[in-house]
1. Tell me, yes or no, whether region 672-694 has at least one residue that is touching a strand residue (DSSP E or B) at 6+ places or on another chain (Cβ under 7 Å), open to solvent by less than 20 Å² (accessible area, probe 1.4 Å) and part of a helix (DSSP H, G or I).
2. Being modelled with pLDDT of 90 or more and of a type outside the set (A, V, I, L, M, F, W, C) is the filter; apply it to region 749-763 and report the residue that is least open to solvent (accessible area, probe 1.4 Å).
3. Answer yes or no as to whether ASP264 is open to solvent by 10 Å² or more (accessible area, probe 1.4 Å), assigned to a helix (DSSP H, G or I), at pLDDT 90 or above and not aromatic (Phe, Trp, Tyr).
4. Being over 19 Å from ILE795 (Cβ atoms), buried (at least 16 other Cβ atoms within 10 Å of the Cβ) and among the polar types (S, T, N, Q), is that true of even one residue in region 712-719?
5. So which helices (runs of 4 or more DSSP H) stay within region 64-161 end to end and still have 1 or more residues that are under 43 Å from the mean Cα position of the chain (by Cα) and more than 28 Å from VAL200 (Cα to Cα)?
6. Quick one: LEU104 ticks every box in (1) under 20 Å from LEU23 (Cβ atoms); (2) open to solvent by 10 Å² or more (accessible area, probe 1.4 Å) bar one, so which box is it?
7. Give the residue that is surrounded by the fewest Cβ atoms within 10 Å (Cβ to Cβ), with candidates limited to residues of region 448-478 that are modelled with pLDDT under 85, within 30 Å of ASP536 (Cα to Cα) and not hydrophobic (A, V, I, L, M, F, W, C).
8. When you go through SER311, SER330 one by one, which is the residue that is modelled with pLDDT of 60 or more, over 14 Å from ASN283 (Cα atoms) and open to solvent by less than 30 Å² (accessible area, probe 1.4 Å)?
Amino acid sequence: MFGRSRSWVGGGHGKSSRNIHSLDHLKYLYHVLTKNTTVTEQNRNLLVETIRSITEILIWGDQNDSSVFDFFLEKNMFVFFLNILRQKSGRYVCVQLLQTLNILFENISHETSLYYLLSNNYVNSIIVHKFDFSDEEIMAYYISFLKTLSLKLNNHTVHFFYNEHTNDFALYTEAIKFFNHPESMVRIAVRTITLNVYKVDNQAMLHYIRDKTAVPYFSNLVWFIGSHVIELDNCVQTDEEHRNRGKLSDLVAEHLDHLHYLNDILIINCEFLNDVLTDHLLNRLFLPLYVHSLENPDKGGERPKISLPVSLYLLSQVFLIIHHAPLVNSLAEVILNGDLSETYTKPAQDAPRSSAKPSIRCFIKPTETLERSLEMNKHKGKKRMQKRPNYKNVGEEEDEERGSAEDAQEDAEKTKEIEMVIMKLGKLSEVATAGASVQEQNTTDEEKSAATSSENAQWSRPFLDMVYHALDSPDDDYHALFVLCLLYAMSHNKGMDPEKLKRIQLPVPSEAEKTTYNHLLAERLIRIMNNAAQPDGRIRLATLELSCLLLKQQVLTSSGCVIKDVHLACLEVRPCLPLPFLYCCPSGEEIFLDMFEDEYRSMTIKPMNVEYLMMDASILLPPTGTPLTGIDFVKRLPCGDVEKTRRAIRVFFMLRSLSLQLRGEPETQLPLTREEDLIKTDDVLDLNNSDLIACTVITKDGGMVQRFLAVDIYQMSLVEPDVSRLGWGVVKFAGLLQDMQVTGVEDDSRALNITIHKPASSPHSKPFPILQATFVFSDHIRCIIAKQRLAKGRIQARRMKMQRIAALLDLPIQPTTEVLGFGLCSTSSQHLPFRFYEQCRRGSSDPTVQRSVFASVDKVPGFAVAQCINQHSSPSLSSPSPPFASGSPGGSGSTSHCDSGGSSSAPSATQSPAGIGRGTWGLWETLWDSVTPCLSYDL
């Protein structure tokens, strides 16, 4: 940035050009400024580069030589900067000067140096200079300069900017004039500047902001936010075809920025500002525009309104972001217990339209612009404050005192109005609390619920009635989703008074013990769940998940569940899977199993985040069923059989999880694959009497290792011998068979290409291969054996999981007595549904604790066949656990004997298994036909 100044500033002065970071060079630059006091076309570039070089030397002097700043102050060099600005020398000089000043203040680190630069009030003169703000570049550098100065504010430096005698604060007042600038980056910088100012704990400065700027600034800010909201509502109303989603997203993001900015002001906890801001937000924005739009969706009337979905959406954002207790409690009181007569006072024309009267509950535009209001307050203050007592105006002291008394009276009136608003809302809550406490004496839970219902019917609560009414829509969940988000946001707001929620029995997450709950809300939530469980239901997954979440918050406690049996019986936890998808699609089983596990994995890894949900502008538009819009699957309706199946699976998971939690039962069937039951890397296994195939594994990067291939019922493993114990092996890799792909190598009959993918984290993510290698065997026979074992193992692994899914979904499909050579085990092994073993995994420091996974018990030929025959004669088990082998897993010696000669004890495709109804025989045929015929290992 300063390279150009090094190249030519100093001309032929060799010493100066060689050492530009020195006091001598600064003296030379001072000489250049004195010779060029007037800006011309000839010296314009020279002056710009001189200013750049001076800035560079000042930054260097701040860290190395304090005499640089002494000379800078001694010669009053800041005056040259100001004179150059006042000469209207053009945008080029203004831009370069603002840029160098910004760099200078950003890089000054010592407070003494900063005090030097801020002295003599030259910086304030630059702030109030009339720049050409129509130039975007000048505007950008100017607002960046103000933001840099605001970052330097503290209890000491604030006195350089706020002049208590002249009642002037140029840094703040000039910045807030751009609060509604068309450029978003300028608006963000203004918010940063104001927050930096509010954080300074200087009472005189804060009193000035409250008395002179708070009311005009906050009234104009509230009007700007409200106008922005009306524009957002118009965009929603005119964009039913999802054509302006980009604009809608920008409008929602801007509203979120406004709410976060307001919350940041309230978090600073400046009582002066919070009272004024809370009053304006309640009476000029939230109540007249947001809440009043809940009562009647029609836009008739003189007062501006927004649509019901937008109102619910924005109120949800308010409760999710803002946690200031006086604000959220007053707003919730009106929503939960308010009446129309309390929402509005007299119309705006009956009240004085003045920004000094913020307690009128009406969304109206301020009569004066912010800039005009600031100028009037500034001149009003100067007229009194600049007078000094002397023999000429001694008699005017009384006028000053009278003026001060009037100002104090105005401030007292403003504060009194704000307090009256809060007290008015507080009295309403006290009356409701007193009435509720009288009715709650000597009543049972059922009587309390009945009393609550009757109270709702007798006491007119139009806003709360609308909230409950929006949950009754049987056609879709367009309004219901926003209502659920609003109830969730109110119940999770940290500033909310729990008593307000308990009064109407809304769920309070922090409540330890509960004896009753809102039956009316619970019934509506259960109705939404039952509608979602219908095959043609138009309830989105986000709405269902939020309903389950709210119901659990209502009835679950640390000691148990308080839900009534009649409500629990209304929950229909039954699969609504579109079964035609399974037996009409040739690869239905393959897709369904992957889909089943992917949906469960997605639901557990990424639970719903309501905050993120309410940041998405797409839910403001009517629900759509096409994926072409790019809307997330849980926020729209399904399209086609595949998505309907995905939705049905997710609905089943949610309702099953809810039912188990309400009944206090643990989940024992899901997930189908548990990590703790799988073989892992570095496990030590007993490989005696196990079928192992030696191979050379050639990885994609060219690595080559010798391993033994072993096939388990769910996994394939690559092991190497354990040098410490004969017949044992150490697992170097283990992967699921169901995620494996095996292909032959075209020009080598002894090799196989094997790829195993990691389970995808979402249905749309691309599978990531955890193994991609070429397996080379000793001869083509062993290669064929390995290919048969892997292919057969994959089929039987998926088949066993499909049987578990069938049992889980209550499909009338009985497990076969043998699946591809694996017989059923006893019921005592149900606690290990994935393994044949019961030994514990060996610890890293305990060589004695080992397990036998591949060990065979069929040491006598024909043992496996006899075992299969014995299990044919035993009654089939109806346990949802998978069939287990009493001996070796898939690919072991027992499997070879059991499948010898191509025979199989599994039922053929032309025979119907016992206990299967005629209606589900089509599904059984599809599932069984996907299993390839048994392959013989006899070579």
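1. No, the conditions are met nowhere in region 672-694.
2. Of all residues in region 749-763, those modelled with pLDDT of 90 or more come to 749-756.
Among the residues that remain, those that are also of a type outside the set (A, V, I, L, M, F, W, C) are: 749-750, 753, 755.
Details: SER749: 83, ARG750: 92, ASN753: 56, THR755: 26 Å².
This residue is THR755.
3. Values: open to solvent by 10 Å² or more (accessible area, probe 1.4 Å): yes; assigned to a helix (DSSP H, G or I): yes; at pLDDT 90 or above: yes; not aromatic (Phe, Trp, Tyr): yes.
It is true that ASP264 is open to solvent by 10 Å² or more (accessible area, probe 1.4 Å), assigned to a helix (DSSP H, G or I), at pLDDT 90 or above and not aromatic (Phe, Trp, Tyr).
4. Going residue by residue through region 712-719, those that are over 19 Å from ILE795 (Cβ atoms) are 718-719.
Now narrow it down to the ones that are buried (at least 16 other Cβ atoms within 10 Å of the Cβ): 718-719.
Filter once more, keeping what is among the polar types (S, T, N, Q): none.
There is no residue in region 712-719 that is over 19 Å from ILE795 (Cβ atoms), buried (at least 16 other Cβ atoms within 10 Å of the Cβ) and among the polar types (S, T, N, Q).
5. Details: elements: 67-74, 78-86, 91-107, 111-118, 122-127, 136-151.
It comes to 91-107, 136-151.
6. (2)
7. ASP475
8. Details: SER330 fails: over 14 Å from ASN283 (Cα atoms).
Answer to the selection: SER311.
The values are calculated or read from the model by the stated rules, or taken from the named source; none is laboratory data. No experiment lies behind these values; they were computed from the predicted model shown. Neighbour counts are summed over all protein chains in view; Cβ atoms, including those assigned to glycine, are modelled from backbone coordinates with ideal geometry. What goes into the accessible areas is simple: the full protein's heavy atoms, side chains included, and nothing from ligands, DNA or RNA. Shrake-Rupley method; radii C 1.70, N 1.55, O 1.52, S 1.80 Å.
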